[in-house]
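Comments concern the structure below.
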Number of protein chains: 2
Amino acid sequence: MLELEAVVPCCPPLTERTLTAEEAERAAAMFKALSDPVRVRLFSAVASAPGGEACVCDISDVGVSQPTVSHHLKKLKEAGLLVSERRGTWVYYRVEPSVLAAMGRLLMAPLPADR
Amino acid sequence: MLELEAVVPCCPPLTERTLTAEEAERAAAMFKALSDPVRVRLFSAVASAPGGEACVCDISDVGVSQPTVSHHLKKLKEAGLLVSERRGTWVYYRVEPSVLAAMGRLLMAPLPADR
DNA sequence: CATCTATGTTGACACACATCGAACCAAGGC
DNA sequence: GCCTTGGTTCGATGTGTGTCAACATAGATG
């Protein structure tokens with residue numbers, strides 16, 4: 001399965017020019033990872049955890065079964081937004097800060113003055 | 001001109017705390033609107049057009065049929081990212097800047113120093 | 001009114017996705 | 001070894017979504 005490797009340079013801001021098909025594909029993949037309420041909650045739980053990481057056991061009370069939680073965490077990981085690491089009994093998830101910055105840059109564009 | 005207020009008081013930054021179910025629902029809905037490559041291209045085409053608006057005829061060469069373009073523009077409009085207006089023969093789409101800012105704020109969080 | 005052009009809508013289809021239970025794997029303690 | 005706890009993968013199922021062809025609508029023009 002292909003993962004997003006070089007997500008950092010992804011795309012110019014959405015307000016700069018019409019994205020190419022490839023750029024749009026990459027941008028859409030990042031947005032898609034956060035297009036589900038459960039994934040948004042899981043991601044914010046990890047991102048806001050002290051130290052920027054959290055184990056699955058601490059964030060799995062989001063209203064769905066535990067296999068479903070694992071499924072969504074896997075999707076976030078495949079999209080490059082999270083990384084996981086097993087330490088003994090527990091698996092810890094951490095945010096990948098560069099991807100967050102890339103998405104923010106996509107949206108927080110310096111708007112042209114003539115608008 | 002309205003000053004900066006919470007036009008779309010969607011949610012706190014994703015890194016601040018675990019979002020509630022309702023907040024996550026709203027955030028996911030915005031991300032979902034941009035989770036398709038065609039919609040990303042259409043949105044960037046409108047956002048980057050001179051004057052911040054474009055008519056459908058100028059942005060409909062994104063590789064899909066015209067009804068599909070119309071379908072995606074409708075979704076972007078329902079999500080609140082675009083507004084449309086008919087002027088004579090053509091329909092013009094404009095970006096809704098407050099929503100863009102809300103999404104940016106969601107991602108561009110002031111990261112705690114200890115990361 | 002007739003006709004043409006530019007958009008939007010409808011219906012149908014294939015594919016993707018979210019969800020769950022059950023089975024499975026990995027570590028640690030007995 | 002066996003058992004328990006934490007986590008992932010598998011299989012199935014219902015729902016959602018992207019796409020297009022066909023049809024409908026709205027203005028402009030003759």
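The values are calculated or read from the model by the stated rules, or taken from the named source; none is laboratory data. Being a predicted model, the structure only gives us computed values, none of them experimental. All Cβ positions, even for glycine, are placed from backbone atoms using ideal geometry, and neighbour counts span all protein chains on display. Accessible surface is based on the protein model in full, side chains and every heavy atom, while ligands, DNA and RNA are left aside. Shrake-Rupley method; radii C 1.70, N 1.55, O 1.52, S 1.80 Å.
So how tilted is helix A:66-78 from the main axis of chain A? Cα-based, degrees 0 to 90, rounded to 10.
The two axes meet at around 40 degrees.
Against the longest alpha carbon principal axis of chain B, how many degrees, from 0 to 90 and to the nearest 10, is the axis of helix B:97-107 turned?
Here the helix axis deviates by roughly 40 degrees.
In whole Hz and in residue order, list the ³J(HN,Hα) couplings for region A:16-21 that follow from phi through the Karplus curve 6.51 cos²θ - 1.76 cosθ + 1.60, θ = phi - 60°; x for Gly and Pro.
7, 7, 5, 5, 6, 4
Under 37 °C and 0.692 mPa s, how fast does chain A diffuse according to Stokes-Einstein, given a Kirkwood radius computed over C-alpha pairs? Answer in µm²/s, whole number. All intermediate terms of the calculation are to be shown ahead of the outcome.
Numbers: Rh = 15.2 Å.
It diffuses with D of about 216 µm²/s by this estimate.
Pick from A:GLY51, A:GLY80, A:GLY88 the residue whose mean-square fluctuation is largest in a GNM of chain A, springs joining Cα atoms under 10 Å.
A:GLY88
List the longest stretch of chain B that has no exposed loop site; here a site is one of the GluC sites (Glu not before Pro) assigned by DSSP to anything other than H, G, I, E or B, with at most 13 other Cβ within 10 Å. Walk me through the numbers on the way to the answer.
On the way: sites that count: B:GLU3, B:GLU5.
In short, B:6-115.
In nm, what does the list of distances from A:GLU78 to its counterparts in the other copies look like, shortest first, when each label sits 7 Å along Cα to Cβ?
2.5
So which chymotrypsin sites (Phe, Trp or Tyr not before Pro) in region A:31-115 are both in a DSSP loop and have at most 12 other Cβ atoms within 10 Å of their Cβ?
Numbers: sites: A:PHE31, A:PHE43, A:TRP90, A:TYR92, A:TYR93; in loops: none.
For chymotrypsin sites (Phe, Trp or Tyr not before Pro) across region A:31-115 that sit outside H, G, I, E and B with at most 12 neighbouring Cβ atoms in 10 Å, the list is empty.
Rg (Å, one decimal) plus Dmax (Å, integer) for the alpha carbons of the protein assembly as shown?
18.2, 67
Between copies, how close do the B:CYS57 label points come, placed 7 Å along Cα→Cβ, listed in nm from shortest?
Inter-copy label distances (nm, one decimal, shortest first): 6.5.
Rounded to whole Å, give me the distance from the Cα center of region B:60-85 to that of region A:43-115.
When both Cα centres are located, 29 Å separates them.
Hey, for B:TRP90 with labels 7 Å out along Cα-Cβ, what do the inter-copy distances come to in nm, ordered shortest first?
With the label placed 7 Å along Cα→Cβ, B:TRP90 yields 5.8 nm.
Over both sides of the B-A contact, add up the buried accessible area with a 1.4 Å probe and give it to the nearest 100 Å².
Details: alone 7600 and 7200 Å², together 11770 Å².
Summing both sides, the interface buries roughly 3000 Å².
Enumerate the amide H contacts of A:VAL91 below 5 Å, restricted to partners 5 or more residues apart or on another chain; note that Pro and chain-start residues carry no placed amide H.
Amide H neighbours of A:VAL91, under 5 Å, 5+ apart: A:VAL56, A:CYS57.
Assign unit charges at the C-beta atoms only (+1 for Lys and Arg, -1 for Asp and Glu), then state the dipole size of region B:21-96 relative to its Cα centre in Debye, rounded to the nearest 20. Don't skip to the end; give the middle numbers.
Working: 10 positive and 10 negative charges, 40 e Å.
With Lys and Arg at +1 and Asp and Glu at -1, about 200 debye.
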